[in-house]
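Each remark here refers to the structure printed beneath this line.
The values are calculated or read from the model by the stated rules, or taken from the named source; none is laboratory data. It should be emphasised that the depicted structure is a prediction, and the values quoted were computed from it without experimental measurement. Positions of Cβ are backbone-derived with ideal geometry, glycine not excepted, and every protein chain shown enters the neighbour counts.
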Amino acid sequence: FLVSKGNHRHFMEKEIHEQPEVISHTLANYLDFAKGTVRTDATPLDFSKVDRIAASACGTAFYAGLIGKYWFERIARLPVDIDVASEFRYREMPLSKDSLALFVSQSGETADTLASLRYCKQQGLKIGTIVNVRESTMARESNTVFPTLAGPEVGVASTKAFTCQLAVLASLAVAAAKMRGTIDEQEERQLVRELSEIPRYANHALRLEEQMETISRDLSQVKHVLYLGRGTSYPLALEGALKLKEISYIHAEGYAAGELKHGPIALIDESMPVIVIAPYDHWFEKTVSNMQEVAARGGKIILITDEKGAAASTLNTMHTIVLPDMPEIIAPIIYALPIQMLAYHTAVFMGTDVDQPRNLAKSVTVE
Ligand code: AGP
């Protein structure tokens, strides 16, 4: 198909920069900004009749689902079981008929996710799929399609599809909360207002690009990188590590910050940067104490935080990336952008084939 890079060096760069616009389109499909409510017509599924969500996906789409789990459980008090589709499809998990089977996929063709979808269908479950390609097999085989309006994503490394998946998941969590009576009208209006701010904050994050490029020059010199985060920043740590390894070929690992002392702390030395994703949220103090453990062992910290977080942290960091303070629900979407830019510019410094990294396919249609 004919999609052009425009003035950008790579599709990935173009797709990173499209995010404010495509997220805004996606949100408008689920939220009525004028009324400050979720659009119930876009959510033709009664979440008050759902007792659990059984979710699965692969790669970046799986990490989006993992962030969604935090939202559904906290805001809508709806438990979510989530697994990578390659495990889910064979694990013979006991599924209740009142569970919603939820799948997340950019392409709608990923073999393991599709097999999991068919498995759940056979078990008689309702199937909902968050998908970017409207004509895909998964879209056709689902009872309810929740589209992401990201437009065609060409770069093998998923960027705009990921943040649009998050925008849909956050909107659905608010819709589910409304239907289940766990938020009142005022809280609904407040959450919708907060979500409507994503494009503005995303634009702000994109303005940090020069700083990301400078930091990436340092990253392109190292062999290993560790990403840490708590709460919704934990799946982002996993996503940051995946993004870096797939396009720059630098070994990277993502960990829940609280897991540090259960093993990975042994790796810390002056040669391994530790990227800490820590907005000033209710996990912040805990993450700071993990950073102290890293600093005490000579680890070099790259902190991604906000103004309040930067003011509250007294640690010596190698770099601190400061985003504006923002509502907690939108932070994972906005913090994804510096993470993508770091991976992108590091790969550019390494001279790899950014849009078409070795050994990878855009859509994995074989098991
Ligand atoms: C992400 O950057 C990847 N290239 C990969 O993990 C991808 O997200 C995964 O293969 C799932 O693809 P899908 O969203 O098309 O199902």
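Each residue in region 111-144 was checked for being within 15 Å of the ligand (Cβ to nearest atom), of a type in the set (Val, Ile, Thr) and either modelled with pLDDT under 95 or touching a Gly at 6+ places or on another chain (Cβ under 8 Å) (or both), and 4 of them qualify.
Restricting attention to region 85-108, the residues that are within 16 Å of the ligand (Cβ to nearest atom) and either of a type in the set (Gly, Ala, Ser) or surrounded by 18 or more Cβ atoms within 10 Å (Cβ to Cβ) (or both) add up to 12. Among the residues making up region 143-177, those that are surrounded by fewer than 24 Cβ atoms within 10 Å (Cβ to Cβ) and not small (Gly, Ala, Ser) are Asn143, Thr144, Val145, Pro147, Leu149, Pro152, Val154, Val156. Criterion applied to Ala241, Ala252 was being closer than 20 Å to Thr320 by Cα, assigned to a helix (DSSP H, G or I), at pLDDT 95 or above and aliphatic (A, V, I, L, M), and the one residue passing it is Ala241. I'd like the residue in region 335-367 that is aliphatic (A, V, I, L, M) and within 22 Å of Val276 (Cβ to Cβ) and, out of all such residues, is nearest to the ligand (Cβ to nearest atom). Only one residue tops the list, namely Ala343.
Inspect all residues belonging to region 33-55 and state whether any of them is hydroxyl-bearing (Ser, Thr, Tyr) and under 24 Å from Tyr335 (Cβ atoms). Within region 33-55 (the criterion being hydroxyl-bearing (Ser, Thr, Tyr) and under 24 Å from Tyr335 (Cβ atoms)), the answer is no, since none of the residues qualifies. Selection within region 227-272: residues that are under 19 Å from the mean Cα position of the chain (by Cα) and of a type in the set (Lys, Arg). The member of this set that is farthest from the ligand (Cβ to nearest atom) is Arg230.
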